[in-house]
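Peer 1: Have a look at the structure that comes next, please.
The values are calculated or read from the model by the stated rules, or taken from the named source; none is laboratory data. Bear in mind the structure is a predicted one, so any value in this text is a computation, not a measurement. Cβ coordinates were reconstructed from backbone atoms using ideal geometry, including for glycine residues, and neighbour counts include every protein chain displayed.
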Amino acid sequence: MEGTNFAWKLNEFVAGSLPRGRAGPRSGVEEVLIRLIRWFDPLRRRKKEFSVRAFRRGDEVAIVDLCIAAQRRYGGHIPRSVSFWTWSILKRPGISPADILLVEAEEGIVGYGAVKGDGMVLDWAIDPSLTPQEQGRAADLLARALEERAAARGAETFTVSCVSAEDPASRALLEAGYRTDEAESMTVAVLDPPGLIAAILRARTGPKWGSPESRILLQLAPGGYRVNPSPRIGITWSDELAVTEADDEFRPTFVIDTDLSSLTDLIFARVAVGSLLEAGRVSVEPEAARPSGLEFLQLLVLRSPWHIPPADIQ
């Protein structure tokens, strides 16, 4: 802060020392002073100041916008509306405006969290447009404020559900002394395998992956599923991608045999393609088409971290 003040005062001094409105080359003294201004200029960029306050009526839109910006890059994200947030958080039994805390900067709300009386943080968001260092500072400040609020309500533990240890906010909490616990688990049921595969391929590759004559038959045993809605799925590329349930007339370029449980594990990155192959949970026929088949399966893997706020599942 002293450096910032010094740089600011230096600029004020130089601005007052230089003649105004004079054209022509600068003197040697003026050149030195201009260089000093440029050298100290980064110090003028003051450290962003954050403050914490409780929720007030009128914050709803800013909170929802922040949640969408912070969470949309993660798998499982469902965009929220103000009405949903109001029902899920503000009107939740046991939650009061004092339990909803915001981190503010000059530009507005950059952090938000809501904590229950037992110390569980229901919802959490840090502005991703902040620098990693700023995200860390905002997260540390918010976590401490939420923890104090939970302690005031009698909570003996404090839990924040973060996405990844690589996230700047998560790293800041670890550096501040918080410890990690076992990751939460979730159950995913695939109701429309052809629709899921088509959506992934279109988002990942567009309609032109593979050669024009590529015709893949994906044969799925039930695996751990009680119901197998699509035992035979045909994937074709011509003018556009088509993923449909295949009948007996479908003539594939190659066939992939696996089961729905293995396919689900693969898509949600719980197991690698090579591991499935080694365990005999997937096969490609003919043998010569194995590289193409494994390449296709690799396209289906969703690599984005998954995050579902506890408020959405409790």
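Peer 1: Any idea which residue in segment 236-252 is nearest to Pro286 (Cα to Cα), counting only those that are of a type in the set (S, T, N, Q) and not in a loop (DSSP other than H, G, I, E, B)?
Peer 2: Checked segment 236-252; the qualifying residue nearest to Pro286 (Cα to Cα) is Thr236.
Peer 1: For segment 221-274, which residues satisfy the criterion of being small (Gly, Ala, Ser) and either out of contact with any Lys or Arg (no Cβ under 8 Å at 6 or more places or on another chain) or not assigned by TED's automatic domain parsing to the domain that holds Pro291 (or both)?
Peer 2: Within segment 221-274, Ala221, Gly223, Gly224, Ser230, Ser238, Ala242, Ser261, Ala272, Gly274 qualify.
Peer 1: Just the residues that are of a type outside the set (A, V, I, L, M), at pLDDT 90 or above and surrounded by fewer than 20 Cβ atoms within 10 Å (Cβ to Cβ), please, taken from segment 148-163.
Peer 2: If the condition is that a residue be of a type outside the set (A, V, I, L, M), at pLDDT 90 or above and surrounded by fewer than 20 Cβ atoms within 10 Å (Cβ to Cβ), then Glu148, Arg153, Gly154 are the ones that fit.
Peer 1: Take segment 61-96 and flag every residue that is surrounded by fewer than 13 Cβ atoms within 10 Å (Cβ to Cβ) and in a helix (DSSP H, G or I).
Peer 2: Residues satisfying the conditions are Val61, Ser83, Trp87.
Peer 1: Any residue at all in segment 282-302 that is surrounded by 14 or more Cβ atoms within 10 Å (Cβ to Cβ), acidic (Asp, Glu) and modelled with pLDDT of 85 or more?
Peer 2: There is at least one residue in segment 282-302 that is surrounded by 14 or more Cβ atoms within 10 Å (Cβ to Cβ), acidic (Asp, Glu) and modelled with pLDDT of 85 or more.
Peer 1: Next question, about the same structure. Pick from segment 182-234 the residues that are crowded, with 17+ Cβ neighbours inside 10 Å, of a type in the set (Val, Ile, Thr) and in contact with a helix residue (DSSP H, G or I) (Cβ under 7 Å, 6 or more places away or on another chain): which of them is modelled with the lowest pLDDT?
Peer 2: Val190
Yes/no matrix, rows are residues, columns are (1) touching a Lys or Arg at 6+ places or on another chain (Cβ under 7 Å); (2) free of Cβ contacts under 8 Å to residues at least 60 places away in the same chain; (3) in a strand (DSSP E or B):
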position	(1), (2), (3)
Glu104	yes, yes, yes
Val110	no, no, yes
Asp118	no, yes, no
Leu122	yes, no, yes
Pro128	no, yes, no
Gln133	no, yes, no
Arg137	no, no, no
Leu141	no, no, no
